[in-house]
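See below for the structure under consideration.
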Amino acid sequence: MTTKRTDYISWEEYFMAIAQLSAKRSKDPSTQVGACIVNKSKRIIGIGYNGFPIGCSDDELPWSRKGDFLETKYPYVCHAEMNAITNSSNKPELDGATLYVSLFPCNECAKLIVQVGIKELVYLSDKYHDDDIMIAARKIFDMAGVKYRMLKPVNKDIRLSLNNL
């Protein structure tokens, strides 16, 4: 008798893997972030990664992290969370949704996440935890009742493979 596989990935690892795969589309040389929004029925309703706005050349805008503000990427880049929300296939389903994201969101993304009704945030890294914008983000989430937690994946590496086809 044949039985089902037992080494399949969890829903959470699946959605975070989608976020991480999306991050691979980012052209940012220092930080690649991906996001995946999932509705209450475990259906993906939006994905995104960090990059410049549509129509803005990534060859003409700066990728630098330091220097004069207007000569850095910061005033121009759209974060993965923003792109996932604006790319969402079904805006009403954002209310009560879960966001899977590579890096804990900044305060600007936190405001947007709260405004569209996302109720849960699952992230992989919080490497800027003590930065003011992250402290503000946590304050916004706490006040608005958005739950957040770090995912501790069982599988550290998920690969694309043709071996099992």
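For residues in the range 63-80 being closer than 19 Å to Ala23 by Cα and in a loop (DSSP other than H, G, I, E, B), which is nearest to the chain's Cα centre (by Cα)?
Ranking the candidates gives His79 first.
Return the pairs, sorted by first residue and then second, in which the second residue is open to solvent by 70 Å² or more (accessible area, probe 1.4 Å) and outside any helix (DSSP H, G or I), the first residue lies in the range 68-86 and is without any contact (Cβ under 8 Å) to a residue 60 or more places away in the chain and among the hydroxyl-bearing types (Ser, Thr, Tyr), the beta carbons are less than 7 Å apart, and the residues are 6+ apart or on different chains.
Sorted first by the residue in the range 68-86, then by its partner, the pairs are Thr72/Arg65; Thr72/Lys66.
In the range 142-157, which residues are within 23 Å of Thr31 (Cα to Cα) and surrounded by 15 or more Cβ atoms within 10 Å (Cβ to Cβ)?
Tyr148, Leu151, Pro153 - these are the residues of the range 142-157 that are within 23 Å of Thr31 (Cα to Cα) and surrounded by 15 or more Cβ atoms within 10 Å (Cβ to Cβ).
What are the residues in the range 1-22 that are outside any helix (DSSP H, G or I), among the aliphatic types (A, V, I, L, M) and either open to solvent by 100 Å² or more (accessible area, probe 1.4 Å) or in contact with a strand residue (DSSP E or B) (Cβ under 7 Å, 6 or more places away or on another chain) (or both), if any?
Met1
Between residues in the range 118-137 that are aromatic (Phe, Trp, Tyr) and residues that are open to solvent by 20 Å² or more (accessible area, probe 1.4 Å) and not in a loop (DSSP other than H, G, I, E, B), which pairs lie under 6 Å by C-beta distance while being six or more apart or on different chains?
Filtered contacts from the range 118-137: Tyr123/Met150.
Taking the options Asn155, Asn87, name whichever one is touching a Gly at 6+ places or on another chain (Cβ under 6 Å) and not hydrophobic (A, V, I, L, M, F, W, C).
That would be Asn87, the only listed residue that is touching a Gly at 6+ places or on another chain (Cβ under 6 Å) and not hydrophobic (A, V, I, L, M, F, W, C).
Return yes or no: is Gly48 more than 23 Å from Lys139 (Cα to Cα), modelled with pLDDT of 95 or more and in a strand (DSSP E or B)?
In short, yes.
Residues being surrounded by fewer than 24 Cβ atoms within 10 Å (Cβ to Cβ) and without any contact (Cβ under 8 Å) to a residue 60 or more places away in the chain: count how many of those fall in the range 23-46.
Final tally of qualifying residues: 14.
Here are the criteria: (1) farther than 19 Å from Phe104 by Cα; (2) open to solvent by less than 50 Å² (accessible area, probe 1.4 Å). Tell me which single one Asp68 does not satisfy.
(2)
The values are calculated or read from the model by the stated rules, or taken from the named source; none is laboratory data. Keep in mind it's a predicted model, so treat the numbers as computed, not measured. Every residue, glycine as well, gets a Cβ built from its backbone with ideal geometry; the counts of neighbours run over all protein chains shown. We work out accessible area using only protein heavy atoms, side chains counted, and drop any ligands, DNA or RNA first. Shrake-Rupley method; radii C 1.70, N 1.55, O 1.52, S 1.80 Å.
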